[in-house]
Structure formats: structure tokens, C-alpha cells
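Participant: Before I ask anything, here is the structure I am working with.
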Amino acid sequence: MKVLLVCNNAFLPGNGVCTAVLSLARRLKKIGIETRIMSCANPDSSGIQPYYPLKHFKFPLFEPLIRSSGFMYATFDKETATEAIAWADVVHLHEGFPMEAKVARLARKMGKPCVGTYHLFTENITANLGFKRARLLNFLLTRWWRNSVYDLCSHVHCPTEIVKQHLLRCGFKSTMCVITNGMDVVDSNVTPYNSPDDTIEILCIGRFAHEKSQDTLLKAMHYSKYSDRIRLHFAGKGPCQKRYEKQAQRLLDKGIIKHSPKFGFYNTDELREIIRRAYLYVHCAYIEVEGLSCAEAIREGVVPIIAKGELSATSQFALDERSIFPIFDSRTLAKKIDWWIEHPDERVEMGLKYAQSINKYNAEDAIRQMIQMYENSIKQC
């Protein structure tokens, strides 16, 4: 089987789609599936390049915001796309943008099967542009994605059940396959961390963007009984970083917190070490297709506290209500943080349970289901 993975950008770090595409390519190749990527050329000329490189399309006015979010748009090239599709047995689209729409139409014309992954809600896009409640715009954009890309696919990969139900409500016609993006199994002896001093490390991982809502955690410090003991650590990068740093500095200047919050972007090994030193993990996003950064923390035995909302699927990882708070509700988040600080023995016990719970999201099962989806798509073509 030969699989063509198509996305705008597969090589800028800090973007969830990029991470998912590269992980999928690596896992497919590992089990002997021929896999090639068509995307923007890697801006790092010394780095890995896609097999089928496309030129970078610079979006007028919004390009600085797009790049700060770890994203690039690709320009469709018919000659390159024709060569790539002709090689493939199945074409796997990873977004609903104009380049993928043209690839989907060309694949149909050439008689090649297409599947698509719904990595993003349209609300991810509009929230980054500063529109939190753009219902009409989201409706129109979702309908365009449906008609121009996903309804041209035989199957749509939904990373979570929340995504599937959303697409069904929006009238998507393709066969829906709920398959986690999956995590690699890591050999480790999980030991929930206990700080050697009185400082409580709380970790938050994610792109610094509006829909990730890290400011909810910062606001929670106003209401926590233990804010003077808490040190916040934000791992990521993105357009909202400077705003969050200023907000954190105000908390420090007012004496609400005593420890200066950390902001940084880390490689895989560095992040794993940071996770292992965390007392709690907090995930505030109000728009999230899956949220594997949360699962990565859970895998190391860190108890999470996760925002729950209509378009936030990450709360699926929570084992009980002690690890859930309503989106944007900083007061309730503070209460949950305080409860886990006051119950250290329960935190250690639940940390071990959380580490075990993540096994059902392992990459080996996910890749088998993905291959079955490919085979079904090929049969239907």
C-alpha cells in the first residue's frame, strides 16, 4: 500500500497538525507502508523535506499571525499534485483548506480514493483571528470544508467522538471513523512527583493562542488559597505569549504569586523531564479536537485538571469530576487545584491510575485502525 499524506505544513514545530502528520508518517513507515508527504517545503533548508514540496503561499495581512501560530499555507501545483496522486494508492488529506480541496477534486478525477482527517474545528481558525463567537462565519466555513473537501472523501478520520458528533450535526456525509491520533508506548516506572520543598509546580502545555485559554489558569491564581506556593510553567509558543507574560508579571508585582512563572518551548526529551516534575497538569482550551499534550502528561503519572466544553474533547481523559472544570471558569479551577494540593495522598494514587488509563490511546492500535480505513477506502473506489 502507498499512502500520500497531504497538508499545508508538516515541518514547523509547535503545530498539532504538523505533529500528527509526522507521527503518522513515521508509524506507517515503521510497519512497512510506503508513505510520502506533500506539503510546503521545510523553511529549514538543512531539515527533512517533503517528498513532494509545494511553494509557500503568504497570506496578505495575516501572515505574521499565521507564522507565529506555527503554520504555513501551501500553493497548489497541479503538476506536482498529479505526480503525487498517480503514485499513491490512497490520498490522506489533513485539512479542509483550498489546496486540499483542489487535491481532492484532482484525486477524484484520477480515480484515486481519498480519506480526510478533521484535525481542526473552524472555530480554531476564527478564534485565532480574534472572533470568539463568529457563529455565521463558522457555519459558512464548516459548510465549505464539508462540500469542498470532506464530502469528497470516502471516510473521515475523527480523533474523538466529540468530533464525529459535531460533523454529523453539520451534515457531513462520509463514513466517520473515530480513531485516536495515538501515543507511543513509553517504558518508564511512573512515580508521581512530590516537591522536595514547599513549591507546587503546575504545568500547562499548548500553543499560546486564544482558543487554548491559558489566561484562565493565570486568573485562577486570584482565587487559590495556595497561590503563594504555586509556580506556573507554560510550555509552548504562539501569538499570545507576550500578553500572557505581562499578565503573569502583574500577578507577581501585586504579590498574588511569589514565584515567577516560566514560559518556554521545549523538545520532546526536555518536555518529558518537565512533565515529570509537575505536581498537577492544567488544560484550559475551550476548542480542542483531542489534546494529546494532556495525555502525554497523564502518561507520566501527573493528575490533570481539564476544561470541559462543547468543542473541547480533552475532558475525555478525566477519570472523575475532580479533574474537570467548566471552560473559562477560573474560580472553579482554583477550587480544584486547592483540593488536589490539600489531598496529596489521593493525588499520588490517582496519578498511578491516570498513567494506566492512557494505554487505550496507544499508537499501535490506532495505526491498525487507520490502515483498515485505508483498505476500506480503496475497496470502495
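The values are calculated or read from the model by the stated rules, or taken from the named source; none is laboratory data. All values derive from a computational prediction rather than experimental measurement. Neighbour counts are summed over all protein chains in view; Cβ atoms, including those assigned to glycine, are modelled from backbone coordinates with ideal geometry.
Participant: Which residues, taken from the range 303-312, are among the hydrophobic types (A, V, I, L, M, F, W, C) and at pLDDT 95 or above?
Facilitator: 303, 305, 306, 307
Participant: Moving to a separate point now. Within the group 2, 29, 78, which residue is surrounded by fewer than 16 Cβ atoms within 10 Å (Cβ to Cβ), in contact (Cβ under 8 Å) with a residue 60 or more places away in the chain and not small (Gly, Ala, Ser)?
Facilitator: Step by step, each of 2, 29, 78 is checked, and only 2 is surrounded by fewer than 16 Cβ atoms within 10 Å (Cβ to Cβ), in contact (Cβ under 8 Å) with a residue 60 or more places away in the chain and not small (Gly, Ala, Ser).
Participant: Which one is farthest from the chain's Cα centre (by Cα) among residues in the range 43-55 that are buried (at least 18 other Cβ atoms within 10 Å of the Cβ) and not hydrophobic (A, V, I, L, M, F, W, C)?
Facilitator: 52
Participant: Look at residue 232 and say whether it is over 18 Å from the mean Cα position of the chain (by Cα) and within 21 Å of residue 311 (Cβ to Cβ).
Facilitator: no
Participant: Six or more apart or on different chains, Cβ atoms under 6 Å: show the pairs whose first residue is in the range 136-149 and more than 8 Å from residue 122 (Cβ to Cβ) and whose second is among the small types (Gly, Ala, Ser) and in a helix (DSSP H, G or I).
Facilitator: Qualifying pairs under 6 Å: 148/101; 149/101; 149/104.
Participant: Here is a follow-up. Filter the helices (runs of 4 or more DSSP H) completely within the range 287-381 down to those with at least 3 residues that are touching a Gly at 6+ places or on another chain (Cβ under 9 Å) and assigned by TED's automatic domain parsing to the domain that holds residue 154.
Facilitator: Ranges flagged: 363-380.
Participant: Does the range 61-80 include one or more residues that are of a type in the set (Gly, Ala, Ser), touching a helix residue (DSSP H, G or I) at 6+ places or on another chain (Cβ under 8 Å) and farther than 24 Å from residue 156 by Cα?
Facilitator: So far as the range 61-80 goes, yes, one or more of its residues are of a type in the set (Gly, Ala, Ser), touching a helix residue (DSSP H, G or I) at 6+ places or on another chain (Cβ under 8 Å) and farther than 24 Å from residue 156 by Cα.
Participant: Still on this structure, I have one more. Determine whether residue 85 is of a type in the set (A, V, I, L, M), touching a Phe, Trp or Tyr at 6+ places or on another chain (Cβ under 9 Å) and outside any loop (DSSP other than H, G, I, E, B).
Facilitator: no
Participant: So for the range 358-374 (the condition being β-branched (Val, Ile, Thr), more than 26 Å from residue 182 (Cα to Cα) and surrounded by 14 or more Cβ atoms within 10 Å (Cβ to Cβ)), does at least one residue qualify?
Facilitator: No.
Participant: What residue, among those in the range 270-286 that are in a strand (DSSP E or B) and either in contact with a Cys (Cβ under 8 Å, 6 or more places away or on another chain) or hydroxyl-bearing (Ser, Thr, Tyr) (or both), is surrounded by the most Cβ atoms within 10 Å (Cβ to Cβ)?
Facilitator: 283
Participant: When you scan the range 314-342, how many residues do you find that are more than 15 Å from residue 358 (Cβ to Cβ) and touching a residue at least 60 places away in the same chain (Cβ under 8 Å)?
Facilitator: 12
Participant: Condition (residue is among the charged types (D, E, K, R), modelled with pLDDT of 95 or more and in a loop (DSSP other than H, G, I, E, B)) applied to the range 199-215: is it met by at least one residue?
Facilitator: Within the range 199-215, not a single residue is among the charged types (D, E, K, R), modelled with pLDDT of 95 or more and in a loop (DSSP other than H, G, I, E, B).
Participant: Test residue 280 against the stated conditions and say whether it is at pLDDT below 95 and either touching a strand residue (DSSP E or B) at 6+ places or on another chain (Cβ under 7 Å) or within 16 Å of residue 344 (Cα to Cα) (or both).
Facilitator: Taking the combined requirement at face value, the residue does not satisfy it.
Participant: May I pose another question? Residues being among the aliphatic types (A, V, I, L, M) and loosely packed, with under 15 Cβ neighbours inside 10 Å: count how many of those fall in the range 120-176.
Facilitator: Final tally of qualifying residues: 4.
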